[in-house]
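First the structure, in the form of structure tokens, and then the observations on it.
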Amino acid sequence: MRRHLRNLAFLGYVVLVCFFTGEIATRALYGHFRDYNMEMWRYASDLKQPLRDPRLPFHHFPNREGSYYGVVIKTNSLGFRDREYTTRKPDGKRRIVVLGDSFTLGWGVPLDGVFSKVLERKLDEHENKYEVINMGVGNYNTAMEVELFKWKGLGLGPDMAILMYFINDTEPIPPQKSGFTYAIMKRSYFFSFLFDRLVRIRSRFVKAFEWSSYYRNLYSSENSENLVSNRESMRELVRLCDESDVKLLIVNIPEMHEFKDYQFVYATDYVRRLANESNVPFIDLLPAFSAHEPESLWVSSEDPHANARAHSIIAQQIYEKILRDRMLE
């Protein structure tokens, strides 16, 4: 028994030494191999605070700043990546809140190039009375975006809400992490590096984790728990906007890898049906994006988030819809 205990203790010691050595090496060499997943982890580690609400397990820290993928992300006192706003809407202003995930946040794009700010400038060309508030948070799904709207969006007195929909917005709400697990995941570069490599290996050799198969599985059953939750959240958002006299617009962001022979029409049809059943105006951005090569709209060759050029297209499509349908009159 003593021999076994000594062996276990020695094994534990070796594991700890290897882990700490790996941590030191990863931090020292990080600039030479950082990629999208690692930078997204740093963003989550630095800027996201855990919450005790199982429907909204995290949000941005207020008044935090960091540089990720060479772009500064800075939050205001409300935890939004935007300039400072008063909670009470200024007299004479029309206010739009934009709900979404990392696309709406503007991952990899300077704040002035994010579509919410571009849209604000376009609207103000007619009359300086518009505020377009970016409420996007990386890794949010529709259910979490609606919870954030209830928590912070409605209190801003918006005249209009824009829900930006992406194909993975039907993912389940991520579970809350235990204190110890969260501490390790938040602080360890080496843990994040190993997890990133595991995900890459898994997606290469296991078809279920390949991105196109993964997306298709999210929509494989209309009665799946994640789709039911998504539909309930969308309908709740419609109800909240109706009750508060807030105009609602739903915008579908296409999957950015390939626009010709688009293989994710099922996701677009899904969200379009939900918009139509509630008589909510809807924009599908695929036709506007299809005039461009996909890579020309990416943040980088490894990261198909929308770049500043794509954000400009998004802003133009929303701007034209608002004017054409007189949504803020």
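Every number here is computed from the coordinates shown, using simple stated rules; none is lab data. The structure displayed is predicted, hence computed values, not measured ones. Note that each Cβ is placed from the backbone with ideal geometry, even for glycine, and that neighbours are counted across all protein chains shown.
Miscellaneous remarks
- Top-ranked residue of the range 82-110 - restricted to ones that are of a type in the set (A, V, I, L, M) and outside any strand (DSSP E or B), ranked as nearest to ILE322 (Cα to Cα): LEU105
Okay, residues lined up against (1) of a type in the set (S, T, N, Q); (2) part of a helix (DSSP H, G or I); (3) in contact with a strand residue (DSSP E or B) (Cβ under 8 Å, 6 or more places away or on another chain); (4) free of Cβ contacts under 8 Å to residues at least 60 places away in the same chain:
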{"site": "LEU123", "(1), (2), (3), (4)": "no, yes, yes, no"}
{"site": "ASN128", "(1), (2), (3), (4)": "yes, no, no, yes"}
{"site": "VAL132", "(1), (2), (3), (4)": "no, no, yes, yes"}
{"site": "ALA143", "(1), (2), (3), (4)": "no, yes, no, no"}
{"site": "GLY155", "(1), (2), (3), (4)": "no, yes, no, no"}
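- Complete set of residues in the range 55-98 that are polar (S, T, N, Q) and either crowded, with 19+ Cβ neighbours inside 10 Å or out of contact with any Asp or Glu (no Cβ under 8 Å at 6 or more places or on another chain) (or both): ASN63, SER67, THR75, THR86, THR87
- Pick from the range 297-318, criterion polar (S, T, N, Q) and within 22 Å of GLY138 (Cα to Cα), ranking: surrounded by the fewest Cβ atoms within 10 Å (Cβ to Cβ): SER301
- Yes/no for TYR43 being in contact (Cβ under 8 Å) with a residue 24 or more places away in the chain and part of a loop (DSSP other than H, G, I, E, B): no
- For the range 209-237, the tally of residues that are in a helix (DSSP H, G or I) and among the acidic types (Asp, Glu) stands at 3.
- GLU222 vs. criteria among the charged types (D, E, K, R) and either buried (at least 18 other Cβ atoms within 10 Å of the Cβ) or touching a residue at least 24 places away in the same chain (Cβ under 8 Å) (or both): no
- Among the candidates ASP261, ASP269, residue that is of a type in the set (D, E, K, R) and at positive phi: ASP261
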